[in-house]
Amino acid sequence: MSSLVSIENVTVRYGRFTACDSISFEINANDYLAIVGPNGSGKTTMMKTLLGLIPVSEGEIRFSSDFRFDQIGYLSQKVNTQGKHFPATVHEIITTGFPSSMKNLPIKDKERMIRSVTSLLGIKDLLPIRIGYLSGGQQQRVMLARALVHKPKLLILDEPTSALDPQIRDEFYQLIQHLHQHEHVTIVLISHDLQSVSLYATKILYLDQSVVFFGDSDALCESEAIAQRIGVQAAASLCRRKEHEH
Amino acid sequence: MNIDIIISALQYTFMQRALLVGIMIAISSSFLGIFLVLRRYSMIGDGLAHVSFATVAFALLFQQSPLIISIPIVILASFLILKLSEENRIGGDAAIGLVASFSVALGVFVSSLAKGFNVDLFSYLFGSILVIGQSDVIFSIILSITVIGVILFYFQDLFALTYDEEYAVVMGKKPKKLSRILAVLTSITIVLGIRVVGTMLISSLIIFPTVTALQLNRGFKQTIALAIIISISAVVLGIFASFAFNFPTGSTIVLVNSAFFAISFLIRVIKGGN
C-alpha cells in the first residue's frame, strides 16, 4: 500500500501549550482514516497542520512524490462561513474550490467538472440559488461539492456532521462511504463521535495530545488503551456494533 | 431637468470630461466596493481619504499635482494600516483611526503654514469634477482602467478570499498578497475619487453602490453588475442635476446615491426580504 502522506514525530505548540505531542502516522491511498478524540485532544490542530494552516513546531510531514498539495479537498466544520446574507450562488461558491494551479483551465472544462460533481451529490438544480436560502444539509452538500470539484485524491473532513440532524448525518456518512468505495477518494475524517465513524472508517487514529491508538478499526474495540479512555462498556458496545455490521 | 438641458450640457467640454471621468471612477470604485464591504474593510476607504487630505495639502504647498503626489503616499499609508491591523494590540478600526486622525491633523497644520491655497484645498475636500483638466482626465482614465483590469485578473482569487479565507489558503491563494493588491487599488481609487466627490465623501462612492445592490439579494457577479449600474446612474444624474440647478456636484452625487440606497432598502423591507 503506497503512503500518500507520512506524519513523523510532529509536535505543534501554541506558545507554551503543546496541542499535539510527537505524533506519527501514515495516510495510505484508499484509506478511510478517522481521527477521533475528546474535545481539545488536538484533532483539529493536527488536521490544520496537515493542510499547512498551522506550522509544525517539531517533526515532519512528507507527501509522496506523485502527490501534490492541490490534490487535497477540505470540508470545514463551518458551513457557509459568511451567513445567509452573503451574495453568492451555489455555482459561484463551488468555483472557489478550484486551486490556484487550475487557474488557467478552460471555463468549459471547469463547467463540466461543476456539473459532474453536482450531479454526483444531487444538487445540480441548486446551482443558480443563493447559498443562504438553502437548508443546513443542502449547504453541507454544496461545501462538499466545493471540496470535490477539482477531483482531489485526498479529502479531509473536519467534524462535517456536527451541525446536521441525525437522519441527514447518516445520509452524509453514506455519501462519504460512496466516495471512498466507488470514486476511490482517500478520506480523513475528524470527529468526536467514535461510535459512528468506527462503522465506516477502515483505520482509526485516537488522539489525546499524543497518539492513544492507531490501527485498523476492527482492532479498535480490542485495544486496552481505548477501553481505558472510553470505558469498558463503550468499548464492548463498539465490538457488538462492528460484529453486527459484519 | 428636460432633454434640452441635457443636450446643451453635453456641448460643453468640461461636462464631457466630467462625465467620462465620473463614469470611469464610478465603475472602478463600485467594482472594488464589494470586496471591501464584504471583507469589512469599508472604513479603510474612509481612512485613506483622510490621508489624501494631507497629501493634497502637501501637493498644493509645493505646487505639485495632487494626483501624482497623493497616490504613492496613500498606498504607503494603506500598507501602514494593514501592518498596524495585524498587530494584536491594535485592531483594524483603531489602526484606521490612528492614521486618519494623524493625517487630518497634518493636513490642517500644513494648510496653516501656507496661506493662499485654502480655496484650492476646499475644492479637494468636496470635489470639483467640473473643473478637471485634460491631463487629469487622461491620468484618471488610465488608472481607472488599470484598477478594473487588475480586479478582473484577480477576480476569482479575491472572491474566494472574501467568501472563506481559510479555504482560499488551502487552495493556494495568498491572502497577504491579495490584501496588499486590494490596498493599492483602494488607494488609487480614493485619490482618483477626490476629484469627483472630494476627500470627505469619496468613501461613499465605494460603499453606497455596493450596499444598495446588496439589498436586492442577488449572486456575487449580479451584485457587482447592479452596483456598477447604480454608481454610474448616481454620478451621471448628480453631474446633470448640479449643472441644471447649480448644485455642488460631489454632494449631489452622494445624495443621489443615498436616495438609491433608501429606495432599495424600502423595496427589500416591503417585499419582506431578510
Query raised in the report: Is it the case that region B:188-199 has a residue that's within 14 Å of another protein chain (Cβ to nearest Cβ), open to solvent by less than 10 Å² (accessible area, probe 1.4 Å) and under 14 Å from the mean Cα position of the chain (by Cα)?
Result: no
Report task. Give region A:63-105 a look and list any residue that's surrounded by 16 or more Cβ atoms within 10 Å (Cβ to Cβ), in contact with an Asp or Glu (Cβ under 8 Å, 6 or more places away or on another chain), facing chain B (nearest Cβ under 7 Å) and not in a strand (DSSP E or B), or say none. Result -> A:Ser76, A:Gln82, A:Thr96, A:Pro99
Query raised in the report: Given the residues B:Met15, B:Met24, B:Met43, which is the only one that is open to solvent by 70 Å² or more (accessible area, probe 1.4 Å), touching a residue at least 12 places away in the same chain (Cβ under 8 Å) and in a helix (DSSP H, G or I)?
Result: B:Met43
Report summary line: The lone condition B:Thr146 fails out of (1) of a type outside the set (A, V, I, L, M); (2) open to solvent by less than 30 Å² (accessible area, probe 1.4 Å); (3) at pLDDT 90 or above is (2)
Query raised in the report: Would a scan of region B:216-224 turn up a residue that is at positive phi and not β-branched (Val, Ile, Thr)?
Result: yes
Report summary line: Those residues of region A:20-30 which are crowded, with 21+ Cβ neighbours inside 10 Å and not β-branched (Val, Ile, Thr) amount to A:Cys20
**Report entry** Condition met for A:Pro38 (in a loop (DSSP other than H, G, I, E, B), in contact with a Ser or Thr (Cβ under 6 Å, 6 or more places away or on another chain) and either over 28 Å from B:Leu36 (Cα atoms) or not β-branched (Val, Ile, Thr) (or both))
**Finding:** no
Query raised in the report: Which condition does B:Val269 not pass, out of (1) open to solvent by 20 Å² or more (accessible area, probe 1.4 Å); (2) touching a helix residue (DSSP H, G or I) at 6+ places or on another chain (Cβ under 7 Å), if it passes all the others?
Result: (2)
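The values are calculated or read from the model by the stated rules, or taken from the named source; none is laboratory data. Just so it is clear, the model here is predicted, and its values are computed rather than measured. Using ideal geometry, Cβ is built from the backbone for each residue, glycine included, and neighbour counts are taken over all protein chains shown. Only protein heavy atoms, including side chains, enter the accessible area calculation; ligands, DNA and RNA are left aside. Shrake-Rupley method; radii C 1.70, N 1.55, O 1.52, S 1.80 Å.
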